[in-house]
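The values are calculated or read from the model by the stated rules, or taken from the named source; none is laboratory data. Predicted model, so just to flag it, every value in this text is computed and none were measured. FYI the Cβ positions are ideal-geometry reconstructions off the backbone, even for glycines, and counts take in every protein chain you see. The protein model used for the area step is the full one, side chains on, heavy atoms only, and it has no ligands, DNA or RNA in it. Shrake-Rupley method; radii C 1.70, N 1.55, O 1.52, S 1.80 Å.
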Amino acid sequence: MGMTMSQKILAAHAGLDSVEAGQLIECKLDLVLGNDITTPVAIGVFEEAGLTQVFDKNKIAIVLDHYTPCKDMKAAQLCAIARNFAKKYQIKNFFDVGDVGVEHALIPEKGLAVPGDCIIGADSHTCTYGALGAFSTGIGSTDMAAGMATGSAWFKVPQAIKVVLTGKKQKYVSGKDIILHLIGMIDVDGALYQSLEFTGEGVSNLSMDDRFTISNMAIECGAKNGIFPVDEKTIAYLKGRTERTYTRFEADEDAIYSQTIEIDLNALKPTVAMPHLPSNTKTVDEVAGKPIHQVVIGSCTNGRIQDMREAAEIMKGRKVAAHVRCIVIPATQEGYLQAIKEGLIEIFINAGCAVSTPTCGPCLGGHMGVLADDEWAISTTNRNFVGRMGPTSSMIILASPAVAAASAIKGCLASPHDLD
């Protein structure tokens, strides 16, 4: 019986010749990840269990990104717990203020995820690294504690949905539009505990940043992970970032999928998710004109350099509408520095944006852009649940950087085509 790409990776890490959907297996891990919210909880479990050593100080990553720079005393205490643990166990990949970034942008950038890896992270968007051909998935803090101690984790082998991409995306269509379109097709539980395995000739037309965005939001339709084949773009991205050897896994021709979904990239339009679910999708031209109060461009979904470039291209020589607050957050220090070198930060500031150091901040209603009662925001983040960015009466529209930038200029939900 043939295996999918994800099943092959899991089989290899379980030391098995083959696995099948539904099978329970124990896998060796290449990376265990946590952040400033989830790591302190994991540390508590770790210490309560009487554990006194980690399995490999080089295969654990702790990124202080959600409430940093610390927004209050509670955040500072959580960071101190993680900081002290990292020092005690000499965690090599510990990222603090000044050398930090939004974790799911930082980990690939630092070369800590490579094709064929098996990665767990105490954050639901750990599925991002599937863009590199790795099996990566989110887990709870208890599993993080066990992973840090043993270097292994239990999995139920997932079924897979085959997503065949054809054609080439049109102007102002990005990875965000593709994944929102897919979530709108299958709903928030349409891929529950399944792998989303992307394939087809359309994959070659996607940048790595497009792929990171798509894999990042696989969880928003319930998927265990989202994964892309390893091609020349993947290899080019890895060059200079890592010296690790890696394995390229490919699905068998007779692999079994629960269903096959085809998406013609040529036919896609700029797409948004209206409140209060990522599956409540509309093309922008269907809902354009909705007045807004705030725009956020950043996050682990859309804070990479390509996202910054797309937003800056639209904002150059223009001004953010007087009644709109626009916050731009490059996802990593490297991306921030590149944006400075390219003049993108100058464009944002001249347009009237506030530019922040890398942080998750407003995505989870933490800081750097919490909403007020009844306010509407357009955000390039990944979730628009009730109360996600502040009061339960506030509303969030999920969008691409291009749509977010155009909307900031127009003062209402708008397509970038409206500014052409």
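Beta carbons within 10 angstrom, averaged per residue: use that to sort the peptides 393-400, 182-189, highest first.
Details: 393-400: 25.2, 182-189: 18.8.
In decreasing order of mean packing, 393-400, 182-189 become 393-400, 182-189.
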* Accessible area (Å², 1.4 Å probe, nearest 10) - Glu262 -> 140 Å²
* Structure fact -> the chain, Gaussian network, Cα under 10 Å: of Lys168, Lys282, Lys74, the residue fluctuating most is Lys74
* Relative contact order (percent, whole number), the range 123-255, Cα cutoff 8 Å, 6+ residue spacing -> 34 percent
* How many angstrom separate the Cα center of the range 44-91 from the Cα center of the range 321-359? -> 29 Å
* Asked: Roughly to the nearest percent, how much of the accessible area of the chain is carbon and sulfur, given a 1.4 Å probe?
  -> 50 percent
* Enumerate by residue number the trypsin sites (Lys or Arg not before Pro) in the range 100-162 meeting two conditions: DSSP loop (anything except H, G, I, E, B), and at most 13 other Cβ atoms within 10 Å of the site's Cβ. => none
* **Rounded if a/c under 1.5, otherwise prolate or oblate - the range 289-413, Cα gyration tensor axes** => oblate
* To do: Could you tell me which helices of the chain pass both thresholds, a Cα extent of 18 Å or more along their own axis and a mean Kyte-Doolittle hydropathy of at least -0.5, with helices taken as whole DSSP H runs?
  => 73-88
* For q = 0.11, 0.14, 0.26 Å⁻¹, Debye-computed log10 I/I(0) when each Cα of the range 62-131 counts as one equal scatterer -> -0.29, -0.46, -1.27
* Asked: Tell me, what is the percent relative contact order of the chain, built from C-alpha pairs under 8 Å that lie six or more residues apart?
  -> 17 percent
* To do: Please give the net charge around Ala351, taking every other residue with its beta carbon less than 10 angstrom from that of Ala351, where Lys and Arg add +1 and Asp and Glu add -1.
  => +2
* Give, in whole angstrom and from largest to smallest, the semi-axes √(5λ) of the equivalent ellipsoid of the chain, with λ running over the eigenvalues of the Cα gyration tensor. => 32, 26, 19
* Asked: Based on DSSP H runs of at least 4 residues, each adding -39500 (n - 2.57), what is the mean residue ellipticity at 222 nm of the chain after dividing by all its residues, to the nearest 500 deg cm²/dmol?
  -> -8500 deg cm²/dmol
* Average accessible area per residue (Å²) across the range 1-136 - probe 1.4 Å, nucleic acids and ligands excluded -> 38 Å²
* Could you order Glu313, Glu253, Glu220 so the one with the most accessible surface comes first? Probe is 1.4 Å. => Glu253, Glu313, Glu220
* To do: Using Cα positions and a limit of under 22 Å, work out the lysines in reach of Lys233, with same-chain residues fewer than 8 apart set aside.
  => Lys8, Lys110, Lys162, Lys168, Lys169, Lys171, Lys176
* the range 109-244, Cα convex hull volume normalised per residue, Å³ -> 108 Å³
